[in-house]
Amino acid sequence: MLELHQFRHSPFCLKVRMALAAKELEYRAVEITPAIGQLSIFQKTGQKKLPVLFDKETTICESSSIIRYLEQLKSEQRLIPENSKEESQAKIIKNCADTTLANSIRTLFIQEVMKDSELLSSLFSNGIPLSVKNFLQKIPLNLAGRISEFVNHQAKETLKLNLAFLTTLLKDENWIIGNQMSIADISVAAHLSLLSFPASSGEKLCQKGCPLFSRDPNFELLFNWKNEIDNKLIQPNLEPY
């Protein structure tokens, strides 16, 4: 059986779980504690980033590489379009989601976490790792405020533009590219999870994140679309934990 080593709330790990669900592939999820648990991953693979997929003797790192592997493993329910033009478009959207969109969301999410200790503790089912606590304790609150003022303004503006663009793409459409779900859709939906956590994240996290954006009426269409994907692919009773 496939074995996915992950940090449950990482959008990149969520993206892989969505792909596995879309392809109806069975797998076992192994939860890795950030920092401490990643040492074992480093010993096995030579790198610390998650997710990592193990298939018997085969090891695949990085979410996009894992999804390409899954496409070869099971050709049904394709996530990479066969049409060359749609394939290129889907990969462009996926790359933007994994970089520009992910970076701006992460910046704003960190700000939310620093303001909400309950949100931080809810991210770690086994308690907050000491390394994370030490990192946060070393950041003076007034300095964090100045950094957020300087950095987060640009992140907010970038995110607003990206969310508006994605909302426009989905008007009168079910999917971002073509007429079926693709890697573009699951990449965008996975990264939006930090703005509004899915039900599968647990009662403490469900719908939490960054309400400034997730509850903005201008983006209601986009987040309703995200919720539909959540319900289809990552319902709590379908999570293999």
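The values are calculated or read from the model by the stated rules, or taken from the named source; none is laboratory data. Quick caveat, the model's predicted, so the values are computed rather than measured. Cβ atoms come from the backbone with ideal geometry, glycine included; neighbour counts cover every protein chain shown.
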> What pairs come up if the first residue lies in segment 87-104 and is closer than 12 Å to residue 159 by Cα, the second is acidic (Asp, Glu) and assigned to a helix (DSSP H, G or I), and their beta carbons are under 6 Å apart, counting only those six or more places apart or on different chains?
Replying inline: none
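Can you name every residue in segment 68-92 that is part of a helix (DSSP H, G or I), under 13 Å from residue 185 (Cα atoms) and of a type outside the set (S, T, N, Q)? Step through it out loud before you land on a result.
Of the residues in segment 68-92, the ones part of a helix (DSSP H, G or I) are 68-73, 84-92.
After this cut, where a residue has to be under 13 Å from residue 185 (Cα atoms) as well, the list is 86-87, 89-92.
Matches in segment 68-92: 86, 87, 90, 91, 92.
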> If you go through segment 53-77 one residue at a time, how many are modelled with pLDDT under 90 and either among the small types (Gly, Ala, Ser) or on the phi > 0 side of the Ramachandran plot (or both)?
Replying inline: 2
> What about residue 161, is it hydrophobic (A, V, I, L, M, F, W, C), under 18 Å from residue 103 (Cβ atoms) and in the same structural domain as residue 113 (by TED's automatic domain parsing)?
Replying inline: yes
>> One residue is enough: does segment 60-69 have a residue meeting the conditions in the same structural domain as residue 18 (by TED's automatic domain parsing), surrounded by fewer than 17 Cβ atoms within 10 Å (Cβ to Cβ) and over 19 Å from the mean Cα position of the chain (by Cα)?
In response: no
>> Only one of 14, 50, 4 is part of a strand (DSSP E or B) and either at pLDDT below 90 or surrounded by 20 or more Cβ atoms within 10 Å (Cβ to Cβ) (or both). Can you tell me which?
In response: 4
> If you check every pair at least six apart or on different chains, which have Cβ atoms under 6 Å apart with a residue in segment 3-15 that is under 21 Å from residue 185 (Cα atoms) first and a residue that is part of a helix (DSSP H, G or I) and of a type in the set (Gly, Ala, Ser) second?
Replying inline: 11/190; 12/63; 14/190; 15/63; 15/187; 15/190
> Given 180, 207, which one is surrounded by fewer than 17 Cβ atoms within 10 Å (Cβ to Cβ) and touching a strand residue (DSSP E or B) at 6+ places or on another chain (Cβ under 6 Å)?
Replying inline: 207
> Is one or more of the residues making up segment 144-166 of a type in the set (Ser, Thr, Tyr), buried (at least 17 other Cβ atoms within 10 Å of the Cβ) and modelled with pLDDT of 90 or more?
Replying inline: yes
